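For reference, the structure is listed below as structure tokens.
The values are calculated or read from the model by the stated rules, or taken from the named source; none is laboratory data. A quick note: this is a predicted structure, and the numbers were derived from the prediction, not measured. So basically every Cβ, Gly included, is an ideal-geometry build from the backbone, and we count neighbours across all protein chains shown. What goes into the accessible areas is simple: the full protein's heavy atoms, side chains included, and nothing from ligands, DNA or RNA. Shrake-Rupley method; radii C 1.70, N 1.55, O 1.52, S 1.80 Å.
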Amino acid sequence: MLSCLFTLMVAVAVANSASAATYSRTSNLVGQSFLDAFSWQTIPDPTHGRVNYVSEATAQAEHLVAVSGDQVTLRADSTTTLNASGPGRNSFRLESNAQYTTHVAVFDIVHMPQGCGTWPAVCESEVGADWPNEGEIDIVEGVNNQSPNQSTLHTSANCTMPSSRSMTGTSTGTDCDVYDTNNAGCGVQNSGTKNYGPAFNGAGGGWYAVERTSTLIKIYFWERGSASVPSDVIYPGTSVNTGNWGTPSAYFPNVDCDFSTHFGPHNIIINLTFCGDWAGNSAVYGASGCPSTCVDYVNENPYAFTNAYFEFNSLNVYE
């Protein structure tokens, strides 16, 4: 009886934490205002990639960043053959100037980086040496053109997710502790085939959204042209109501994870690295069907990265 009661209590807690809310827009970022809301990080890659994160001035000089009307394009170098003993491929790592706790962020993405060796990401994380104690939320992430997209939480100890919960994606693990999982965290693979890489780009992209509260984190995805895209996502206005958004791709409740001690204020980070701990892992790279070794391929084939770019229509933030 106690076991049944406990199960019921957990079920009720998960259901209650799924309640939605209305949020008011605090940022409508398009074109130059999108770039103005971020700073360029010229830091060593935390994931040990074959990359050289450049400044905004260098990106402009090398045509790695462009604004066309409302659209913003961020790309990696695709012309330079790299010296094996020199720096990695020039690319970008942007960090939002603002930090967020309870909020919704909607990313309208037309194109994401593709190519063997690529590892693009849109995430929210704390900034500084205290990682992972303030947590990390990976919204868009994948490697080597291998779909589907994976959305993941990375935390310190004592944070797990229920094995069964209301989402369309498939759990890859329930332990979010980076030290227990060799930094894998608790991931969810999105359902469908057009949410990452070449298939995403071929469909004209789509919308990714994150909702974060004190009791839940949800990730949503809608492909371009889908009949299920909410009107307040297609036509962003002064507010959104996540209650109209349906079942999320990934759902992370606080049932077995105290969000107040595992997640602090986060910056939005948009970056593209190459190889590194995930994309360059010999087993992962070898299983992708990509040629050579990851580092050699990135060094020697600049024109393979012509399509290694993000193109954003907008970023809207609601709080």
Checklist entry - Tell me, what HN-Hα J-couplings in whole Hz come from the Karplus equation 6.51 cos²θ - 1.76 cosθ + 1.60 at θ = phi - 60° for each residue of the range 110-127, using x for Gly and Pro? => result 8, 8, 10, x, 9, x, 4, x, 7, 9, x, 8, 10, 9, 10, 7, 6, 10
Item to check | HN-Hα J in Hz across the range 170-176 - Karplus 6.51, -1.76, 1.60, θ = phi - 60°, x for Gly and Pro | outcome: 10, 5, 9, x, 10, 8, 8
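On the protein heavy atoms, probe 1.4 angstrom, tell me the percent of accessible surface of the chain carried by carbon and sulfur. Don't skip to the answer; put the middle values down first.
Working: 6590 of 13040 Å².
With neighbouring chains kept in place, the figure for the chain is 51 percent.
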Checklist entry - So what J values fall out for the range 200-207 if you push phi through Karplus, 6.51 cos²θ - 1.76 cosθ + 1.60 with θ = phi - 60°, rounded to Hz, Gly and Pro as x? => result 4, 5, x, 8, x, x, x, 10
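Quote the FRET efficiency, to the nearest 0.05, computed for ASN133 versus ASN241 with a Förster distance R0 of 30 Å and r equal to the Cβ-Cβ distance.
On the way: r = 33 Å, r/R0 = 1.09.
E(calc), rounded to 0.05, equals 0.35.
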Checklist entry - Based on the inverse mean of 1/r over its pairs of different Cα atoms, what is the Kirkwood hydrodynamic radius of the range 88-211, in Å? => result 15.5 Å
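On average, how much accessible surface per residue is there in the chain, in Å², for a 1.4 Å probe, leaving out ligands, DNA and RNA?
Computed with neighbouring chains in place, this is 41 Å² per residue.
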Checklist entry - Any idea what angle helix 2-17 forms with the longest principal axis of the chain, computed on alpha-carbon atoms, 0 to 90 degrees, nearest 10? => result 60 degrees
Checklist outcome for this item: Note to self, the chain gives a 222 nm [θ] from helices alone (DSSP H runs n ≥ 4, -39500 (n - 2.57) apiece, / all residues, nearest 500) of -4500 deg cm²/dmol
Item to check | Alpha-carbon centroids, the range 255-274 and the range 14-88: separation in whole Å | outcome: 17 Å
Next on the checklist: If you take every residue apart from ILE234 with its C-beta less than 14 Å away from the C-beta of ILE234, what net charge results, scoring Lys and Arg +1 and Asp and Glu -1?
Outcome noted: -2
Checklist entry - Under a point spin-label approximation (7 Å from Cα along Cα-to-Cβ), what is the THR81-ASN183 distance to one decimal in nm? => result 3.1 nm
Item to check | Residues whose placed amide H lies under 5 Å from that of ARG50, excluding near-sequence neighbours | outcome: PHE274, CYS275, GLY276
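Calculate the dipole size of the chain relative to its Cα centre from +1 charges on Lys and Arg beta carbons and -1 charges on Asp and Glu beta carbons; express the result in debye to the nearest 20. Each step should come with its number before you reach the end.
Details: 10 positive and 28 negative charges, 138 e Å.
Around 660 debye, computed over the chain.
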